[in-house]
1. Collect the residues in segment 74-98 that are in a strand (DSSP E or B) and open to solvent by less than 60 Å² (accessible area, probe 1.4 Å), keeping them in residue-number order.
2. Being within 25 Å of GLN7 (Cβ to Cβ) and open to solvent by less than 70 Å² (accessible area, probe 1.4 Å): is that true of PHE103 here?
3. Please verify whether LYS60 is at pLDDT 95 or above, of a type outside the set (A, V, I, L, M) and part of a loop (DSSP other than H, G, I, E, B), treating the condition exactly as stated.
4. Could you list all residues from segment 1-21 that are out of contact with any strand residue (DSSP E or B) (no Cβ under 9 Å at 6 or more places or on another chain) and open to solvent by less than 80 Å² (accessible area, probe 1.4 Å)?
5. Across segment 22-67, what is the number of residues that are within 18 Å of GLU12 (Cβ to Cβ), open to solvent by 20 Å² or more (accessible area, probe 1.4 Å) and touching a Cys at 6+ places or on another chain (Cβ under 9 Å)?
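The values are calculated or read from the model by the stated rules, or taken from the named source; none is laboratory data. These numbers were taken from a predicted model, which means no experiment stands behind them. As a convention, Cβ positions derive from the backbone with ideal geometry for all residues, glycine included, and neighbour counts pool all protein chains shown. Side chains included, ligands, DNA and RNA excluded: accessible areas come from the protein's heavy atoms. Shrake-Rupley method; radii C 1.70, N 1.55, O 1.52, S 1.80 Å.
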Amino acid sequence: MWISGIQGLPLEVTVVGCYSLEDKEWISRQDPYVCLEYGSTKYRTKTCTDGGKNPTFQEKFVFPLIEGLRELNIVVWNSHTLIADEFIGSGRIQLHKALSQGFDDATWPLVNRTGRHSGEVRLILHYSTAHLSEKAKTKLGPTAPQYATPSSALSQLLPQGSAPMAPSAPYYPPTTAYTCPSSSPYTPYPPQTTTYSPSPSPPLGYPPQTCPPPPPPSIYPQHSYPQLPSVYPPQPYPPSPSASGLILLSSRSSKWNLSTPAILTSTV
């Protein structure tokens, strides 16, 4: 549930104490204190001297609420005299329950810089205007006036056991039909005397459109291609009769006693 209209209203925060804080001292007891921050408003508790791991504060602070801000930041430190104060832990306090119910008493966890648990802090949140704002909404809310219907008013006047009267039909004033005045101050348009003859229709014997004749046959002779042989693969062609052949003869016999080949040319 979203809560609106809280701008500037007071929120009371009571720091009760801390429990199981991380011990930052080796010899003596640590001196913790608590810092609270909400928006630009910051508060700090008193230092609990020798508070150790479980300090007690019991201090109350009042924060002006900011519209849209639902978290309260809290930081616990260990106070030192000669050196800087030492960080113990921090946490975020959710304000939704306190703003919606008006009261919240809970313990919130604290974590150190490495994100490990370093203790707990107990806070009491009090929002006194939570119930007042709800009552104001119910009082200031728009309420419609209660009117008695005619049937309910008549039922109170009629004796018990008698049938209620049927509601009468609503009355509407009679309406008169509108009549056009006989005389008009405007001059009427003169009547149209010229007539226009219709366009003549085409004669009955008008020839319809015909398709163009087919083109004449080609004047070029058609060539017939030779038929492919039916037997595959085709037969080899015979040698040409006019071909001339060269016959190289190499004879190394003792009859011719020739050391080079002889070339014989013949014409077939």
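1. Across segment 74-98, the qualifying residues are ILE74, VAL75, VAL76, ASN78, PHE87, ILE88, GLY89, SER90, GLY91, ILE93.
2. In short, no.
3. When the stated conditions are applied, LYS60 does not pass them.
4. ILE3, SER4, GLY5, ILE6 - these are the residues of segment 1-21 that are out of contact with any strand residue (DSSP E or B) (no Cβ under 9 Å at 6 or more places or on another chain) and open to solvent by less than 80 Å² (accessible area, probe 1.4 Å).
5. Residues that pass the stated criteria total 4.
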